Amino acid sequence: MKLTEKSAFIKGLAEGLAFDKETKEGKIIAALLDLVDEMANEIAGIHQDIEEIDEDIEEIEEEKD
């Protein structure tokens, strides 16, 4: 399971529990869930960039040979 999928799963679990987002604890949980979601998406973007760079390197190496 990818990080973005895990993040969405956890967010869905939390929403399914219908926690109160107006309590102190609920506000913290909601903020943490948003943070985890943002981090997962950012990491997914970095992984995509790395894959593209790897492909470019492979092409350069093939042209070099």
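The values are calculated or read from the model by the stated rules, or taken from the named source; none is laboratory data. Please read all numbers here as calculations on a predicted model, not as lab measurements. Virtual Cβ from ideal backbone geometry, glycine too; neighbours counted across all protein chains shown. We work out accessible area using only protein heavy atoms, side chains counted, and drop any ligands, DNA or RNA first. Shrake-Rupley method; radii C 1.70, N 1.55, O 1.52, S 1.80 Å.
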1.4 Å probe accessible area per residue over the chain, in Å²: 87
Count of lysine pairs, segment 1-46, Cα-Cα under 24 Å, sep. 8 or more residues or interchain, comes to 6
Cα axis of helix 24-64 to longest principal axis of the chain: angle in degrees, 0 to 90, nearest 10? 10
Going through the chain, which GluC sites (Glu not before Pro) have at most 12 other Cβ atoms within 10 Å and a DSSP loop state? Glu22
Report the gain in length on full extension from Lys27 to Asp54: 0.36 nm times residue separation, minus Cα-Cα distance, nm rounded to one decimal. 5.7 nm
How far, in degrees from 0 to 90, does helix 3-16 lean away from the longest principal axis of the Cα atoms of the chain, to the nearest 10? 10
Hey, what number do you get for the chain at 222 nm if only DSSP H runs of n ≥ 4 count, each worth -39500 (n - 2.57), divided across all residues, to the nearest 500? -30500 deg cm²/dmol
Can you give me the % of accessible surface on the chain that is carbon or sulfur? Probe 1.4 Å, all protein chains present, nothing else counted. 57
